[in-house]
Amino acid sequence: MSAKPDLAALFGATSVETFLGLEACKDFEAIDASSAFIGAPCATSYGSVGAYAQNGPESLRQAIGSLSANVDRHNFDLGGPTFPDGTKRAVDCGDLPWSATDFASNREAIRHAVSKIVARGVVPILIGGDDSVPIPMIDAMGNSGETFTILQIDAHIDWRDIHMGETMGLSSTMRRASEMAHIDKIIQVGARGIGSGHSSDFEDAKSWGVKFFTGPDVHKHGLQPAIDQIDPGANVILCIDIDALDPSVTPNTIGRSPGGLSYYQVLELITATNRGRIAAVDFVEIMPEVDVDGIGGLNVSRLVTATMGVIARQKAGQCVAGP
């Protein structure tokens, strides 16, 4: 009675090694796509826990594998196929090399990959790994010569200057971003409960100019006040820590906190970038070892898929219909 049917076979899927069965691309110099899935198992982990989210990227490939034969089917999250006619598909660039001890080399690998991919006009979708992964990604975006708005969707504000003796760790991501000259606006959505931050960190963030929309704010007033902060034409860097979602949606994360966002609230924020354009994305804090019956992997992989579809449409100048 414990055996489960092979639903992948029911859907016509075959064994694949890439996300959604997309084309693999290892040559950043020749990449030709709308977006690129890049696995980053580790950047700068704290010594007390190590690279606890190292299996995050591969877990999403496995979670979406059953739909590898359905890429061209109607995606109701987007109002049409994930990659409609006139758009380019995404590619999977595999996982970047990483070290459990050489954090500087991890950051450089991420920075190098993102720089090369962006130079080709392709949007990087960086899949972590813990929430230190976005720091070198955001840093690399400065090479473009443009300025950016960060839309952070997270249960935590990540404004510690230093934590456990480390300035480049997951608790410092938004503070490090605020120090970069090419970041001119930060919108943070979903903060709730207790994290590593102090009240003084929150005050520092507000003094810098961060626009906060907490989890309680969203549940009381909806998402429109946050969406209205995305300036028309903005270049948006999406930083999505999956603990922003309620644990019932994404149990596959270390920082579970009740009262989180729903799947469709996060999707609405992703599609709201149509006010401008998505320039880079990360999905982090993916820890498959604590998932519950694959629910988190299913939901996060679907959000990644939808994000690919939104980017493909934006690149082609098509409307993002949304759910």
(message) Tell me the relative contact order for the stretch 7-316 as a rounded percent, counting alpha carbon contacts under 8 Å between residues six or more apart.
(response) 22
(message) Report the Cα centroid-to-centroid distance between the stretch 218-248 and the stretch 275-323 in angstrom, as an integer.
(response) 13
(message) Ratio of alpha-carbon Rg to the 2.2 N^0.38 Å globular estimate for the stretch 68-115, to two decimals, please.
(response) 1.76
(message) Helix-only estimate, please: 222 nm mean residue ellipticity of the chain, summing -39500 (n - 2.57) across DSSP H runs of length 4 or more and dividing by its residues, to the nearest 500.
(response) -8500 deg cm²/dmol
(request) Compute the Cα gyration tensor for the stretch 264-323, then decide on rounded, prolate or oblate, letting a ≥ b ≥ c be the square roots of its eigenvalues: rounded whenever a/c is under 1.5, prolate when a/b is larger than b/c in the other cases, and oblate in all that remain. (result) prolate
(request) With +1 on each Lys and Arg Cβ and -1 on each Asp and Glu Cβ, and nothing else charged, work out how big the dipole of the chain is about its Cα centre, in Debye to the nearest 20. (result) 660
(message) Can you tell me how the chain classifies by the Cα gyration tensor, rounded, prolate or oblate, using a/c under 1.5 as the rounded cut?
(response) rounded
(request) Please list 129-139, 148-158, 97-107, 29-39 highest first by mean number of surrounding beta-carbon atoms within 10 Å per residue. (result) 129-139, 148-158, 29-39, 97-107
(request) Pull up the cross-link candidates among the lysines for LYS88, meaning alpha carbon to alpha carbon under 24 Å and not fewer than 8 places away within one chain. (result) LYS26, LYS116, LYS315
(request) Would you mind putting 54-67, 214-227 in packing order, based on average other-beta-carbon counts within 10 Å, highest first? (result) 54-67, 214-227
(request) Evaluate 2.2 N^0.38 Å with N set to the residue count of the stretch 245-286, then give the Cα radius of gyration divided by it. (result) 1.31
(message) If neighbour count is taken as other Cβ atoms inside 10 Å, put PHE213, PHE202 in order from fewest to most.
(response) PHE202, PHE213
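Every number in this text was worked out from the coordinates using simple rules, so none of it is lab data. Please read these numbers as outputs of a predicted model, since none were measured by experiment. Backbone-built Cβ (ideal geometry, glycine too); neighbour counts: all protein chains shown.
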